[in-house]
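Asker: Once you've had a glance at the structure underneath, I'll fire off some questions.
FYI, it's all coordinate maths here, none of it is from the lab. The structure displayed is predicted, hence computed values, not measured ones. Note: ideal-geometry Cβ built from the backbone for every residue, glycine included; neighbour counts use all protein chains shown.
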Amino acid sequence: MMEIGFVPFNSDGWGPLETTTTTAATPSLPLTAAATTNVPTNVPFAPFSRSDKLGRIADWTRNLNNPNNRRNNPNDSVFDFSGDDSFAATLAADEDASFRLVDGKPPPRPKFGPKWRFHHHHNNPARHLPQRRDEEVEARKREAEKERARRDRHYHNNHRTGGGAHQRREAAVFKSSVEIQPEWNMLEQIPFSTFSKLSFTVPEPEDLLFCGALESYDRTYDRLTPKNERRLERFKNRNFFKVTTTDDPVIRRLANEDKATVFATDAILSTLMCSPRSVYSWDIVVQRVGNKLFFDKRDGSQLDLLSVHETSQEPLPESKEDINSAHSLSVEAAYINQNFSQQVLTRDGKKVSFEEPNPFANEGEEVASAGYRYRRWKLDSDMYLVARCELQSVLDSNNQRQFLTLNALNEFDPKYSGVDWRQKLETQRGAVLATELKNNANKMAKWTAQALLASADMMKLGYVSRVHPRDHFNHVILGVVGYKPRDFASQINLNLNNMWGIVKSIVDLCMKLGEGKYVLVKDPSKPQVRIYEVPADAFENDYVEEPLPEDEQAQPPTEDAANGISSEISVAATDVEDKEITAVP
């Protein structure tokens, strides 16, 4: 039978008495030791060093759900006496709290990423918290939702359709097409967003007069492919006319006869109709004379040129001298279109002449194939609009005469568009056209609008490319494709009623203005147009044609051609002066 030694009873708390009266010796506690200490010998319950834990006395009354307990093993909390004032090692615990281990060794690098990530996640102290706070969880969810919403907004801003062209090339700085003078008074500011919901239906137009002469289209160009390309020729002897509204003698005559209230050209009307698709700045001069309204363009206006890569996401070189800059490409595209429109004709000397000859040509002068159709639309019960519409060719098909418009798309460097015409045009013509519609949405919409205004039966689009990407003088024709204007308009989402709604709203706004001269300016950086009131002598005799530098001229123009190019048109002049643009490479 085992004997149990004497155990003193402590009625005031736990553990041995502070002073003991034990006089009998036990095997584990001598009498002398019992009289001098209250700690059992050979029972390690406190740490012997700061790094070795040998054992602890348990306190089962401790609260295990204390959220402040963030030790790695919550089960050890019942053995933790560091917060107990009666603990004999309180001083050592205080020293432990101020102790910081300094270890210069780098943490071990994992051998395998996924396994280490799982292991690290498994040992994450946050996973062993006694309880999770709902407030913290909800806060993290809200932060995640905000971050997701921010990413969605960023994605949609970069992938927006329709008006997305206005967010393109944010770093590029576009200049205004006309310098805004301090004495100009801004009257209206119209955002393009208001144009999207406009709609107006006009009846079929009435032909008032047909002038000029047209040559027949050469069908052999419809069979061109990149493998049997043709060199683009230069027509230096044929004169091309870009005459504004008030300088047109036929429009002057029709205005004197009170045939209409509003007068314009197809180039000006198409610019207004397709203005929501424009990115570059443009300007149109508006003159209110009595009860009549004239829409004009300035001499040397951007309307005489053709934009290239206007709605593309790829920025063009900013230097004006670069052959791939926006200005250089516009001049190049204008010359390509003029030469293309004359090369695809039969040129057998046979022409289809109309009621009156070309109103801008002098007697004996060789002019380009062009027919001018003066048409009248009814905008209101007492308001009519007359516009000069241009056609470039005629074609006899099935004993029926068809009128054509001729335009050319030009490829300058495949690295900008991402599509090489010589490789894709024959096998993936739809992809090439889709790329051009994306990069030149405004230009192609204006061509379609002009074909609709002139009631052309067919619009021919040519694909013209440089012989070499760094040679902007020599070009080749890779192919020609024909489209019906109304079908093509539906393909590019061009609504005829919306286009006339834009024109009608601008006409109504300008008719409310007093007599004088005004200018509509497309903002170079924002999708909006502004109307300024300008002095009566603005834009008169202030433009001088700048000749190309000698190193950029393929052949120097003749003296007669140079005189023709530098001729100026005065809006206030009583006699009409012809505006000529001669095809120069």
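Asker: Out of residues 5 or more away from GLN528 or on other chains, whose amide H comes under 5 Å of its own, with H placed 1.01 Å from N in the peptide plane?
Answerer: Amide H neighbours of GLN528: PHE192, ASP523.
Asker: Show me, for segment 182-190, the HN-Hα J-couplings you get by feeding each phi into the Karplus relation (A = 6.51, B = -1.76, C = 1.60, θ = phi - 60°), rounded to Hz, glycine and proline as x.
Answerer: Per-residue couplings from phi come out as x, 7, 6, 10, 6, 9, 9, 9, 10 Hz.
Asker: Using packing as a proxy for protection, rank 484-495, 435-446 so that the peptide with the highest average count of other Cβ atoms within 10 Å comes first. All intermediate terms of the calculation are to be shown ahead of the outcome.
Answerer: Numbers: 484-495: 15.5, 435-446: 21.2.
Ranking, from highest mean packing down: 435-446, 484-495.
Asker: Here's another thing I want to ask about it. Of the DSSP beta bridges with both residues in segment 369-521, give the percent that are antiparallel, rounding to the nearest 5.
Answerer: 75
Asker: Tell me which lysines have Cα within less than 24 Å of LYS259's Cα, excluding those fewer than 8 residues away on the same chain?
Answerer: Hits, sequence-local ones excluded: LYS242, LYS292, LYS297, LYS378, LYS504, LYS512, LYS517.
Asker: Calculate, in nm to one decimal, what SER176 and GLU138 gain on full extension: separation in residues at 0.36 nm each, minus their alpha carbon distance.
Answerer: Gain on extension, SER176 to GLU138, equals 8.5 nm.
Asker: Calculate the spin-label point distance for LYS320 paired with LYS197, positioning each point 7 Å from the Cα along the beta-carbon direction, and give it in nanometres.
Answerer: 4.1
Asker: Run the simple label-point estimate for ASP420 and VAL467 please: 7 Å along Cα→C-beta, distance reported in nm.
Answerer: 2.0
Asker: Over 20 Å apart: what share of the alpha carbon pairs of segment 407-543 falls there, rounded to a whole percent? Display every interim value, and only then the final one.
Answerer: On the way: 5719 of 9316 pairs.
In whole percent, the share of Cα-Cα pairs in segment 407-543 beyond 20 Å is 61.
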